[in-house]
Amino acid sequence: DVVETQEHYKSRWRSIWIMYLTMFLSSVGFSIVIMSVWPYLQKIDPTADASFLGWIIASYSIGQMVASPLFGLWSNYRPRREPLVISTAISVAANCLYAYVHVPHSHNKYYMLTARALVGFGAGNVAVVRSYIAGATSLTERTSAMANTSACQAVGFILGPVFQTCFTLIGEEGVTWKFLCLQLNMYTAPVLFGALLGVINIILIFAIFREHRVDDMGRPYKSINSDGEGSDVLDQNTEGSIDHVAVVALNILFFVILFVFAVFETIATPLTMDMYSWTRKEAVFYNGIILSVIGIESVIVFMVVKPLSKKTGERAILHAGLLIVLIGFFILLPWGKKLPNIQWQEIKNNSIPRTAPSEMLMPFWSLQEMQLPSNHTAEPVGCPVTQSWCLNTPMIYLAQYISSDVLIGLGYPVCNVMSYTLYSKVLGPKPQGVYMGWLTASGSGARILGPVFVSQIYTHLGPRWAFSLICGAVVASLLVLEIVYKRLIAFSVRYGRMQE
């Protein structure tokens, strides 16, 4: 047996910490501008409408979906430093492009679309990060490392809007540097800050990151894409075929998990505006607080599942997480008799034009900066009569909504971590870059399709149909989990090299 030295152990974990940082910066790159995209888009290109905003939001996930398998394949055959540095450099360049989208005299919205797509393309390094962590940890370390990775990702999503809020102090005008053709304002400063963080990340990858691999028992060996670190162990540790049934099943489960959470994020603002007669400003403010609390709850859950999984196992926790998500959406179904306030009554009383349906379904981040025209003293509130279900569907009480938020905020991070952990263990010691790329791509696809699904079903059929279908999807995923439950075991356990 090859025993890991103390020096190798420290170097291995320093590299893993660099991967945590890369994951954190990847999520910051998505969320640091998300609240200001809509007002910035309106400022640089008045021809852009709400539907084009949807494409800009989705372009990040599309870019990540395309790039993840490509970077994963690259990392299987070359030192991982290469795809990590190139992907981060793409994100840095894309952020700089975003800061200059105001310069062209026309088609500015397409430059913004390109910039966000390239930021997403650079975020395809998530597959490289997770595949490296899977290969650089033993089975006993894997759950904790995957939980830490997800926690860093969650913290990035939480802090991104906080950074954005701090930069609003610069104002819309800010400072103009003519010799650089650059306007440093509340819209461009966040992306330039993100570019600076990316440059720091590249420096740390060169200075600290080293390629390490260990087998499921923690013994170091040289990988096929190593640049010299590690030691050799017996080749039979990688012999055996991967259980592709389990791999496909986990991809399906991960897609459903990301899909339902994307639905949850998207539906928050229009649902609360329809049910509780909140104004746009109130809906953005209150839901922003709720989502921030859920983010903090998720980080706590990531920390708790690490010791808990050692007692119960990852499969049982994944099962419990899916059940919690199911209960969360089941609670959201309209059960009472009271109908929501109808918006046409407000229109009749105040003679104010109703809100356009496209605005009602815009994601909460795109509504934050929107202001009513100065000649409006109030905005129409309640459930718009154009949504015919408002006339016969009972309202969802606030207690239902809050309870659902808490449960989904508990179940989602559990499912997220356990999916990645089980996936990496099923794949075993062989290079996981491509497989992690497909898993990341399935999650990105879910984040694209989720908002499209809910906007159509919710608008035309209402919350009862939307949440019933989501419950059905979660039940189906539970059935898939039951079918493959016994197959979701570590590669080494499957071939009798370790006890479960």
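Things worth noting here:
- Spacing of the two label points (7 Å from each Cα toward its C-beta) at W55 and I200, in nm: 3.5
- No disulfide-compatible partner, judged by a Cβ distance under 4.7 Å, exists for the following cysteines of the chain: C96, C152, C166, C181, C415, C471.
- Förster-model FRET efficiency, 60 Å R0, L323 and A93, C-beta, rounded to 0.05: 0.85
- Near T22, once Lys and Arg are set to +1 and Asp and Glu to -1 for all other residues with Cβ below 12 Å from its Cβ, the sum equals +3.
- Relative to the longest principal axis of the Cα atoms of the chain, helix 139-167 runs at roughly 30 degrees.
- Rounded to whole Å, sorted largest first: equivalent-ellipsoid semi-axes of the stretch 154-194, Cα gyration tensor: 23, 11, 5
- Distance between the stretch 103-133 and the stretch 411-470 - C-alpha centres, whole angstrom: 20
- Remark on the stretch 1-222: ratio of C-alpha radius of gyration to 2.2 N^0.38 Å is 1.11.
- Difference of contour (0.36 nm per residue) and Cα-Cα distance, I242 to M303: 19.0 nm
- Segment E7-V162, length gained on full extension (0.36 nm per residue, minus Cα span): 52.0 nm
- Measuring nothing but protein heavy atoms, the accessible surface of the chain at 1.4 Å probe radius is 66 percent carbon and sulfur.
- Efficiency of FRET from Cβ geometry, K337 and I483, R₀ 35 Å, rounded to 0.05: 0.30
- The chain: angle of helix 314-331 to the longest principal axis, Cα-based, in degrees nearest 10: 10
- Qualifying lysines (Cα of each under 25 Å from Cα of K178; at least 8 residues distant if same chain): K43, K109
- Here the calculated FRET efficiency for Q42 and V293, from their Cβ-Cβ distance with R0 = 41 Å, stands at 0.85, rounded to the nearest 0.05.
- Residues in the chain average 42 Å² of solvent-accessible surface per residue, probe 1.4 Å, ligands and nucleic acids excluded.
- Using a probe of 1.4 Å on the protein chains alone, the accessible area found for W74 is around 80 Å².
- Residue pairs exceeding 20 angstrom between C-alpha atoms, taken from K306/K425; K310/K425; K425/K486; K311/K430; K310/K486: K311/K430.
- Ordered from largest to smallest accessible area (heavy atoms of protein chains, 1.4 Å probe), the residues L469, L326 come out as L469, L326.
- Neighbours of L291, meaning other residues whose beta-carbon lies under 13 angstrom from its beta-carbon, give a summed charge of -3 when Lys and Arg score +1 and Asp and Glu score -1.
- Taking label points 7 Å from Cα along the Cα-to-Cβ direction, I402 and S388 give a separation of 3.6 nm.
- Within straight-line cross-link reach of K338, lysines at Cα separation under 22 Å, skipping those fewer than 8 residues along the same chain: K348
The values are calculated or read from the model by the stated rules, or taken from the named source; none is laboratory data. This one's a predicted model, so the numbers in the text were calculated from it and none came from an experiment. Because the Cβ atoms are built from the backbone with ideal geometry, glycine has one as well, and the counts that use them run over all protein chains shown. These area figures cover heavy atoms from the full protein model, side chains too; ligands, DNA and RNA do not enter into them. Shrake-Rupley method; radii C 1.70, N 1.55, O 1.52, S 1.80 Å.
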